[in-house]
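No lab work stands behind these numbers, since they all come straight from the coordinates. These numbers were taken from a predicted model, which means no experiment stands behind them. Here the Cβ is made from the backbone with ideal geometry for all residues, glycine too, and neighbour counts use every protein chain on show.
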Amino acid sequence: MGNAMRTDVVIVGCGHGGAQAAIALRQRKFAGSIAMIGEEPELPYERPPLSKDYLAQEKPFERIMIRPAAFWAEREVEMLTGRRVVTVDPQAHVVTTDDGTTIGYGQLIWATGGHPRRIACEGHDLAGVHSVRSRADVDRMIAELGSTERVVVIGGGYIGLEAAAVLSKLGKRVTVLEALDRVLARVAGEALSRFYEGEHRAHGVDVRLGARVERIAGTDGRVTGVALADGEIIAAEMVIVGIGILPAVEPLMAAGAEGGNGVAVDEHGRTSLPDIFAVGDCALHANGFAGGMAIRLESVQNANDMATTVAKAITGEPEAYHAVPWFWSNQYDLRLQTVGLSTGHDRAILRGDPASRSFSIVYLKQGRVIALDCVNAARDYVQGRALVLTRATADPDRIADSNTALKELSGP
Ligand SMILES: Cc1cc2nc3c(=O)[nH]c(=O)nc-3n(C[C@H](O)[C@H](O)[C@H](O)COP(=O)(O)OP(=O)(O)OC[C@H]3O[C@@H](n4cnc5c(N)ncnc54)[C@H](O)[C@@H]3O)c2cc1C
């Protein structure tokens, strides 16, 4: 495919956002040509199972594919996998891939997610040090499990904790090192952090808070442990680094797109460059559920909903992005479901008893419900959604009373 050939819509990134963009375009009867370019060799697959059932080897790869191969062929979505887009020329409307191919586009959808943030210390590149972002990452981990007894997880975010849960269930001795004074500090209120710390400890995971990693130790190029600032060395055959991602937007930034921590988009997913949209983890957007602040969200919901928004803009039915954020995390037999964004809350109300392992936390800001974290409490999650959507006000005592259904509280 060369410059002379122009694909109507080129999607860069074959992950959740990219796949949904193609699906939504065809659902909306978009008849033009569509090509997807992806760095990974696989057709689009679901990322959440990577730190859950796929790592646990309870689900084979075929079962985590977003659609079977035939789906893309039937809908005439050309799949150019195993290549990375390295440059974008917004004037000529052309992208170039790492194998030197140039592909012309009418409209470009940038859906590249992010690259795992590397830990900046000695030993970060030793064999046995892993991140959890792609199928290849997890396949490498699985291949080493047989020779692994002890695992250190650096970073107490969702991905690190999910991996810790799987690996401890597989009988590994797991230590979680969190630099802050609680796990999940970036995404959840303190009560939820304390609950998950307790659960992991009860399952035999050594959760260390305020831990300062000095270096990753190794012999003959292979990891042997993690050295802390206080001199302690925690022995391990495997180290997992789960300290977040950096949005994969270098080619767009080099082409002059606005942004910083991600590429800036408007409410239709348009970047500042002509005919270039962006969706998903890499898209910095003003979010109504974050008080209008420009944020990036890292969730399947956000990738899918932004992709649908962009498909609507391209097919001439524009509708501004205003989807309520939701997310889930599975650890042990705990299913956490969150709705809304709790950042900036000034009050957190507990519903139910964490000791029963089924409870919710309702977050308020200036008396209005902005988010819920629900642990094994699907009913609260479903009913709480309406409270978040309407930013409902409700009597805190009634919110705290788990005998009162949340749907009885709805109202502005
Ligand atoms: C282990 C793990 C567990 C998760 N669990 C949950 C969960 O439980 N619930 C939830 O809601 N979310 C979860 N997430 C987050 C969710 O998977 C992401 O938010 C979602 O995948 C974002 O979709 P995306 O399309 O923006 O990016 P991705 O799905 O990451 O897709 C981006 C694709 O673009 C490719 N790419 C990057 N740069 C280029 C380039 N220059 N050229 C070509 N291709 C490129 C990448 O290789 C990748 O394949 C999890 C993520 C991980 C890694």
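A few notes on this one:
- Taking Cα centre as origin and charging only the Cβ of basic (Lys, Arg, +1) and acidic (Asp, Glu, -1) residues, the dipole magnitude of the chain rounds to 700 debye.
- Eigenvalues of the alpha-carbon gyration tensor of the chain, scaled by 5 and square-rooted, set the equivalent ellipsoid semi-axes at 35, 30, 18 angstrom, largest first.
- Each Cα pair under 8 Å and six or more residues apart adds its sequence gap; the mean of these over the residue count of segment 152-277 is a relative contact order of 21 percent.
- For Gly157, the amide hydrogen comes within under 5 Å of the amide hydrogens of Leu184, counting only partners 5 or more places away or on other chains and with H modelled in the peptide plane.
- Segment 20-128: relative contact order in percent, alpha carbon pairs under 8 Å with at least 6 residues between: 24
- Translational diffusion coefficient (Stokes-Einstein; Kirkwood radius from C-alpha pairs) of segment 150-262 at 10 °C, 1.306 mPa s, in µm²/s: 104
- Most fluctuating residue given options Ser358, Ser147, Ser193, as computed from a GNM of the chain linking Cα atoms under 10 Å: Ser147
- Gyration tensor (alpha-carbon) shape descriptor, segment 80-164, a/c threshold 1.5: prolate
- Separation between Cα centres of segment 201-237 and segment 102-136, rounded to whole Å: 24
- Among the GluC sites (Glu not before Pro) found in segment 175-233, those both in a DSSP coil and sparsely packed, with 12 or fewer other Cβ atoms within 10 Å of their Cβ, are Glu232.
- Fraction of beta bridges assigned by DSSP in the chain that are antiparallel (%, nearest 5): 60
- From helices alone, the chain scores -6500 deg cm²/dmol at 222 nm; the rule is -39500 (n - 2.57) for each run of n ≥ 4 DSSP H residues, then divide by the residue total.
- Positive dipole terminus of the chain, leading residue within Leu145, Ser360, Leu246 (C-beta point charges): Ser360
- By the Stokes-Einstein formula, at 1.306 mPa s and 10 °C, segment 1-120 with its Kirkwood radius over alpha-carbon pairs has D equal to 105 µm²/s.
- P(r) tail for segment 117-197: Cα pairs beyond 23 Å make up 23% of the total.
- Between segment 354-377 and segment 59-81, the Cα center-to-center distance that results, in Å: 37
- When +1 charges are put on Lys and Arg Cβ atoms and -1 charges on Asp and Glu Cβ atoms, the dipole computed for segment 1-78 relative to its Cα centre reaches about 340 debye.
- If you run the Gaussian network model on the chain, springs between alpha carbon atoms under 10 Å, then out of Ile34, Ile234, Ile216 the most flexible one is Ile234.
- Over the chain, relative contact order from alpha-carbon pairs under 8 Å, at least 6 apart, %: 14
- Local electrostatic count at Met141 - Lys and Arg +1, Asp and Glu -1, tallied over other residues with Cβ under 12 Å: 0
- Solvent-free Debye scattering, log10 I(q)/I(0), computed from the Cα coordinates of segment 182-237 at q = 0.24 Å⁻¹: -0.94
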